[in-house]
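Here the structure is laid out as structure tokens; the discussion comes afterwards.
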Amino acid sequence: MYNILKAAHSGWAYLLLIVLFIATVNALIGLFAKKDFGNKDFSLALVGLIVTHIQLLLGLALWALSPYSSALFSNPSEVMGNDNLRLLAVEHPLMVIIAVTLLTIGYSKHKKKIVSHGKFKMLSIFYTLAFLVVLSRLPWDQWM
């Protein structure tokens, strides 16, 4: 089960990065080009949100079954003293939860805005922050 979840989480991460990048760039283009907010923009933001939430669920299930979470609870000082273990057991999961929270807030706030500029502004701010947070704590050496 662990290996299946790990493969799904790693594979879905490629989709997440692509979709989140496209949604973020689309929001930034809409903001700076002063475009009208349309169905395509709404759909891109929604797909980015959905893909990210699915990745979070896969990741939480994977974390619960992983040897990293077991090690964190059995020997926390060893995990916190090792950069790679700390990244996988604490930093990556925590930062992804923060990123999903940012995306959710941005998506919710954009729906309350009436004008296109306000919608694009909310999505631009929160999706860019979330994308940067995700990129900052990816375990690149183990994933690529």
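Tallying residues that are touching a helix residue (DSSP H, G or I) at 6+ places or on another chain (Cβ under 8 Å) and among the small types (Gly, Ala, Ser) within segment 61-102 yields 6.
Taking the conditions (1) in contact with a Phe, Trp or Tyr (Cβ under 8 Å, 6 or more places away or on another chain); (2) closer than 17 Å to Ile22 by Cα; (3) of a type in the set (Ser, Thr, Tyr) in turn, Thr52 satisfies each one other than (1).
Hey, among the residues in segment 106-124 that are out of contact with any helix residue (DSSP H, G or I) (no Cβ under 6 Å at 6 or more places or on another chain) and within 30 Å of Ala61 (Cβ to Cβ), which one's modelled with the lowest pLDDT? Walk me through how you get there before you give the answer.
Kept after step one, since they are out of contact with any helix residue (DSSP H, G or I) (no Cβ under 6 Å at 6 or more places or on another chain), are these residues of segment 106-124: 108, 111-112, 114-118.
In the following step, the residues that additionally are within 30 Å of Ala61 (Cβ to Cβ) were identified as 108, 111.
Working: Ser108: 96, Lys111: 93.
My answer is Lys111.
In the list Leu123, Leu132, Leu102, which residue meets the criterion of being free of Cβ contacts under 8 Å to residues at least 12 places away in the same chain, under 19 Å from Ile50 (Cα atoms) and of a type outside the set (S, T, N, Q)?
Numbers: Leu123 fails: free of Cβ contacts under 8 Å to residues at least 12 places away in the same chain; Leu102 fails: free of Cβ contacts under 8 Å to residues at least 12 places away in the same chain.
Residue meeting the stated conditions: Leu132.
Taking the criterion of being of a type in the set (A, V, I, L, M, F, W, C) and either touching a strand residue (DSSP E or B) at 6+ places or on another chain (Cβ under 8 Å) or surrounded by 12 or more Cβ atoms within 10 Å (Cβ to Cβ) (or both), the residues of segment 58-83 that qualify are Leu58, Leu60, Ala61, Leu62, Trp63, Leu65, Ala71, Leu72, Val79, Met80. Would you be able to say whether some residue in segment 16-31 is out of contact with any Gly (no Cβ under 8 Å at 6 or more places or on another chain), loosely packed, with under 15 Cβ neighbours inside 10 Å and not hydrophobic (A, V, I, L, M, F, W, C)? Within segment 16-31, not a single residue is out of contact with any Gly (no Cβ under 8 Å at 6 or more places or on another chain), loosely packed, with under 15 Cβ neighbours inside 10 Å and not hydrophobic (A, V, I, L, M, F, W, C).
Among the helices (runs of 4 or more DSSP H) lying completely within segment 86-144, list those that include at least 3 residues that are surrounded by 16 or more Cβ atoms within 10 Å (Cβ to Cβ). Reasoning before the result, please.
Numbers: elements: 92-112, 116-136, 140-143.
Hits in segment 86-144: 92-112, 116-136.
The values are calculated or read from the model by the stated rules, or taken from the named source; none is laboratory data. Remember, it's a predicted structure, so these values are computed and weren't measured experimentally. With ideal geometry, Cβ positions are generated from the backbone for all residues, glycine too; neighbour counts draw on all protein chains shown.
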